[in-house]
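Inspection log for the structure reproduced underneath, given as structure tokens.
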Amino acid sequence: MELYWELASRLSGVVTIVVTGLLYGRFITPFLYNQKAVRPVKMIYIGTMSALYFVPYILHGLLAHAFGTLVFLIAIYLYDRRNVEQKIFLALFLYLTEWISWGIIMAPKDFLFRLDMYWGAVFGLTDSVYLGLYLLIQSGGILFRYFLMRFLLDIMNRIYLYKNENMSRKELGLMLAIPLSSITGYYLSVFFSDIYLEDTSRYIQDMHSSYQWIVALYQIISYAALVAAVIFYQDMKKNHRREKENAVLAGQVESLKKHIGEVETLYRDIRGIRHDMGNHIMILEGLFQKDRQEEAIGYLAKLKEQLHEAETEMKTGNPVTDILLTEKKKEAESRGITFRCEFCYPEESEVNAFDISIILNNALDNAIEGVEGCMEPFIRIASYREKNIYMIEVANSLKERIFLEEESGLPQTMKEKNGEHGYGLNNIRRVAQKYFGDLDIEQRDNMFLLQVMLLLEVGNEKKGFDNKALMRDE
């Protein structure tokens, strides 16, 4: 029977380690760019903890699990070296969640073991029945702990919205305050329990049954405090993101004001040319009547040059988008990028040229940045209309696939180059949603395709949006 008891104890320990490793991997998956690394990382953790479990006593249980979590962190870092500060926080959170779930389950589990002993004393249960009840309680405990830990990890996964944004060292210091204090408190509870055992040769829960329930309450409070800290941190990241979006948008508003000024200059020049057209014709007639053809030809060439300067290369149906696309085409071609435009402004619609310009400006800036490193860089912009649905498509060559955030479906916003990559797409989405539309991203055959849908004709109760709404926080 001693052998059976030993096998049952070992088996429950191994199953617990495997379950914990699987939950670790499940939790960390959304945070990793290279998700193929999840499987080997789980196996490394399970192997490490199993080795510590079967070798002779070396580390205290708390330290052994801390060592296993550290190995898990190192393995993740070797596969994905981005955002180290976030990985440190997540590893500490996993370690804390493991012990929180353990502390919560120990109270009812200890109660069932006491009940088992009471039944054995009253009914005179045999060793085989004792073993069966032990296995039943252990199996139920493992199953309950699995669902409890999974529930706690799923809550964190849901509230941790910006999984792919970098965590700074200052933010890491702020976020470590609560988990470190919680772990310290748990270490103290274990320390006092061990001291009590050494001094009295009795377990503290045997003498004070409320001890396990107090520990469980402490674990629940610790987890609630950690959740509150993460919610606060995510709100802070949200506000920071919105500030960055508004800063990017403010810069683009200034650029669009410049474009509008250029449109006014263009119209003024055209009106000036038309106003002077009678004088130009009279001068040309005089030159031809006096057989001064060479001067007439030179005058015509100069007049043609002025007319050319007063025109834009792009003809989209709106002077603001004409100038914007002309500038983007020149910028792209100066970088050796093939630029093809089949864009037409939605005439006879209530869509604002300012809003369309924000979409075009952001989309083309991202496209010009996205083609870097491509052998044959290209950008293609097109639009089409189907009744009241207006679609804008911007496609560009792509060197390698871009990692998209799971929640938003947009590329991650932080980039080492300027820290503002991706905020433009959020602004595009805000404009599209203003017209009850949205955007969609596809990556196929080394091509990045952005599609923006706008609903041009809506009921009167949905009209009259203020462009300043784009500049306000939600």
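No value in this document is a laboratory result; all are computed from the given coordinates. The structure presented is a predicted model; accordingly, all values stated were derived computationally and were not measured. FYI the Cβ positions are ideal-geometry reconstructions off the backbone, even for glycines, and counts take in every protein chain you see.
Relative to the present Cα-Cα distance, how much length would full extension add between Leu143 and Lys163 at 0.36 nm per residue of separation?
Full-extension gain reported as 4.3 nm.
Rank by packing, highest mean first: peptides 91-97, 42-48, with packing defined as the count of other Cβ atoms within 10 Å averaged across residues.
Peptide ranking by packing, descending: 91-97, 42-48.
What FRET efficiency would be calculated for the residue pair Arg202, Val55, taking the C-beta separation as r and a Förster radius of 22 Å, to the nearest 0.05?
It comes out at approximately 0.15.
Under a crude label model (7 Å from the Cα following the beta-carbon direction), how far is Leu455 from Arg335 in nanometres?
Distance between the two pseudo-spin positions: 3.5 nm.
Which pairs break 26 Å Cα to Cα here: Lys244/Lys434; Lys170/Lys399; Lys36/Lys163; Lys244/Lys330; Lys87/Lys399; Lys42/Lys87?
Too far apart for the 26 Å limit: Lys170/Lys399; Lys244/Lys330; Lys87/Lys399.
Mind jotting down a quarter of the surface of the convex hull over the alpha carbons of segment 177-255, in square nanometres, one decimal?
5.7
Grab the Cα-Cα distance for Glu372 and Glu294, subtract it from 0.36 nm times how many residues apart they are, and report the gain in nm with one decimal.
Gain in length upon complete extension: 23.2 nm.
Of the peptides 344-351, 80-87, how do they stack up when ordered by the mean number of other Cβ atoms within 10 Å, highest first?
In decreasing order of mean packing, 344-351, 80-87 become 80-87, 344-351.
Roughly what % of Cα-Cα distances in segment 1-103 sit above 15 Å, to the whole percent?
The share of Cα pairs beyond 15 Å in segment 1-103 comes to 62 percent.
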